Each structure stands twice: as C-alpha cells, then as structure tokens.
Amino acid sequence: ATLKKYLSSPTIVAKTVSPKIQLLEMNLQRVVQQKKFQEFEIYYQPIVDIASGQIIAAESLLRWQSPELGLVTPTEFIPIAESTGLIVPIDQWVLQNVCQQIKIWHDVGIAYLTMTVNLSVMEFYQPDLLNKINDFLKRNKLEPQYLEIELTESMIMQDINSAIATMNKLKSLGLKIAIDDFGTGYSSLIYLKNLPINTLKIDRYFIHNVAVDHQKSAITKALIEMAHNLNMRVVAEGVETEEELHFLREYQCDSMQGFLFSRPLPAAEFENFLWSNRHLYI
Ligand code: C2E
Ligand code: MG
Ligand code: MG
Ligand code: MG
C-alpha cells in the first residue's frame with residue numbers, strides 16, 4: 001500500500017518560482033522575441049593601467065531598462081536569461097553592439113582601447129560563435145585585437161577540451177581572452193598553464209580590504225606573481241579605496257577597475273569621461 005501511494009503521488013514537485021522571477025522571465029522573453037533590444041543598454045567601465053594611470057581598456061556591462069519593471073541589474077536577469085536560453089541572442093546582441101561602438105569610437109579618434117565582453121557559458125559553446133564574431137568584426141572593418149572575451153573558470157572547466165579548442169580559435173582569430181572573477185571558481189592550476197589567456201582578472205572578493213586582510217593580501221600577491229610567470233596581465237576588479245590601489249601598485253598588479261576610478265557609464269558619458277581625462281588619472 002505504501003509503495004502504491006508513492007507511485008501514484010506526483011514525483012516531481014511543482015517548481016516554486018517566485019512571482020518576481022516569473023515576471024522577469026516573462027518580460028525578458030518578450031524583449032527577445034519581439035526584438036525590443038532597445039530596452040538594453042551597454043555601459044562601459046574604464047580599466048586603468050596602474051603604472052601610467054592611463055585608461056587602456058573598458059568592460060562592457062549590460063543594463064536592462066524595462067518599461068514595466070524599471071532598471072533590472074544583470075545579477076537579476078542574466079541567471080534567468082541563462083536558464084531560459086535567452087542569453088544566446090542577448091550575448092550576440094551585446095557582441096554586435098560592442099563591435100559597432102568600437103568602430104564608432106575609432107572613427108572619432110578613440111582607437112587605443114581594448115573592449116571586453118562577458119560571454120555566458122551557453123554562448124561560449126555555440127558552434128557558430130567564431131563565425132558570428134568574425135562577421136561582426138568584418139561588418140565593422142574592425143581589427144580583432146580590440147576585442148577581449150571574458151570567460152569564467154567554471155565555464156572553461158565545464159568542458160575543458162572543447163573550451164581549449166574554442167579559446168585557441170578565438171586567439172588565432174586575433175582576439176584576446178580574459179579569465180574573469182578569478183579565484184572564485186574551481187579551476188585546476190594544471191590547466192591554467194595550457195590555456196591561451198592574456199588577462200587574469202582577480203575577483204573583487206580578494207581586492208576588498210586587500211591591504212589589511214592578511215589572507216587576502218597573501219592570495220593576491222601570489223596570484224599576481226603566478227599570472228606574471230605565465231605571461232598574463234593582471235586586472236584587479238572592484239578597487240574601491242586608495243589603500244587597495246596602493247597595495248596593488250606596490251605588488252605590481254598591471255591594471256585596475258573599480259568604483260574608486262569610475263562606475264560603469266553609458267557610452268556617451270564614457271566618451272566624455274575619456275575626453276576630460278586625457279592625462280594622468282592616479
Ligand atoms: P563581472 O563580469 O564580474 O563584472 C564586474 C561587476 O562588478 C559589474 O557588475 C560591475 O558593475 C561591478 N563592479 C565594478 N567595480 C566595482 C566596485 O568597485 N565595487 C563593486 N562592488 N562592484 C564593482 P554588473 O554590471 O552588475 O554585472 C554583474 C555580472 O553580470 C558581471 O560580472 C557579469 O558576470 C554579468 N554580465 C554583465 N553584462 C553581461 C553581458 O553582456 N553578458 C553576460 N553573459 N553577462 C554579463
Ligand atoms: Mg566580467
Ligand atoms: Mg568579474
Ligand atoms: Mg562575475
């Protein structure tokens with residue numbers, strides 16, 4: 001009788017999805033299906049060379065201004081976009097728009113920046129990723145070295161052989177590759193030496209209070225040294241204080257990104273920021 005009861009009872013309990021998430025998902029679906037991409041906007045956060053104080057790069061970060069929901073942050077909508085597969089057209093839209101924006105900036109004389117784009121795991125493993133990127137570059141008559149792809153450790157470890165193959169193809173196309181949020185995933189250091197990575201971005205968890213937290217300073221110093229020995233450049237994420245910056249300068253971290261210098265800015269504001277900060281920043 002007990003067994004029968006078990007068998008007849010529903011084995012799958014209805015997924016408890018909060019109304020907020022359902023609402024986000026519904027709206028996100030509508031944006032993508034009806035191609036209302038104008039609700040999205042790409043913000044740019046400067047990345048600064050610590051030794052020279054020059055802006056050398058910028059990270060593109062997606063924002064969603066929904067007429068129904070207001071401003072939705074990526075930490076809210078990216079996970080939903082990933083679980084629904086909507087992230088694929090969204091990431092492609094971002095790639096395409098960042099390429100267009102780089103071209104626009106080149107045409108007005110801003111031609112020295114590397115622009116980074118975050119890819120999500122699903123987009124990274126799309127078989128036509130390389131063709132798409134190639135197409136966006138060609139359409140904008142853009143040289144590939146201006147584009148850097150940000151990947152996370154867990155994305156790479158999900159299918160290491162396929163990831164290495166794709167990374168090598170991206171590299172041979174001429175793009176740069178950064179490993180994002182480093183230290184928070186669980187990558188094997190054995191693989192790290194074989195990966196074609198240009199830039200290692202230390203996660204902001206380690207940077208927060210790095211100058212006073214002895215464990216964080218120990219780890220950060222070791223990461224900088226390791227990355228340099230592997231011929232990678234190091235970016236510190238989430239730099240918020242002068243103390244953190246001083247620490248990073250002392251231990252020869254290459255560049256930094258964070259609210260201390262600038263928040264992510266809409267394209268027009270980012271451009272003004274560049275024009276008004278021509279010289280030394282730090
Ligand atoms: P991420 O790639 O690690 O991006 C850095 C995040 O740190 C950004 O959050 C940025 O605004 C924030 N940040 C920068 N400086 C500071 C600081 O000094 N202090 C603090 N507390 N935070 C700082 P954001 O823009 O909310 O993006 C969150 C995440 O969403 C990103 O993390 C990335 O994983 C994802 N994301 C953003 N745009 C895209 C996109 O176009 N495609 C995909 N697939 N993911 C994206
Ligand atoms: Mg990133
Ligand atoms: Mg990051
Ligand atoms: Mg992140």
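The values are calculated or read from the model by the stated rules, or taken from the named source; none is laboratory data. On a predicted model such as this, the values are computed, not experimentally measured, just so you know. Because the Cβ atoms are built from the backbone with ideal geometry, glycine has one as well, and the counts that use them run over all protein chains shown. Surface areas here come from the heavy atoms of the whole protein model, side chains and all, with no ligands, DNA or RNA. Shrake-Rupley method; radii C 1.70, N 1.55, O 1.52, S 1.80 Å.
Cβ-Cβ distances below 7 Å connect the following pairs, each with a first residue in segment 79-101 that is closer than 17 Å to Asp128 by Cβ, a second residue that is among the aromatic types (Phe, Trp, Tyr) and modelled with pLDDT of 95 or more, and a separation of six or more residues or different chains: Trp93/Phe37; Trp93/Phe40; Leu95/Phe136; Gln96/Phe136; Cys99/Phe136. Note on segment 211-265: residues that are among the small types (Gly, Ala, Ser), within 21 Å of the chain's Cα centre (by Cα) and either in a loop (DSSP other than H, G, I, E, B) or surrounded by fewer than 15 Cβ atoms within 10 Å (Cβ to Cβ) (or both) amount to 3.
Considering segment 26-45, the residues that are within 21 Å of the chain's Cα centre (by Cα) and among the hydrophobic types (A, V, I, L, M, F, W, C) include one that is nearest to Trp93 (Cα to Cα), namely Phe37.
Filtering segment 154-172 for residues that are more than 16 Å from ligand 2 (Cβ to nearest atom), among the basic types (Lys, Arg), over 27 Å from Ser83 (Cα atoms) and in contact (Cβ under 8 Å) with a residue 40 or more places away in the chain leaves an empty set.
Can you name the residue in segment 195-209 that is assigned to a loop (DSSP other than H, G, I, E, B) and closer than 18 Å to Arg233 by Cβ and, of all such residues, is farthest from ligand 1 (Cβ to nearest atom)? Restricting to residues being assigned to a loop (DSSP other than H, G, I, E, B) and closer than 18 Å to Arg233 by Cβ, the top hit is Pro196.
Residues being within 14 Å of the chain's Cα centre (by Cα) and free of Cβ contacts under 8 Å to residues at least 60 places away in the same chain are represented in segment 108-117 by at least one member. Anything in segment 148-168 that is more than 16 Å from ligand 1 (Cβ to nearest atom) and open to solvent by 50 Å² or more (accessible area, probe 1.4 Å)? List them, or say none. Those that are more than 16 Å from ligand 1 (Cβ to nearest atom) and open to solvent by 50 Å² or more (accessible area, probe 1.4 Å): Asp159, Asn161, Asn168.
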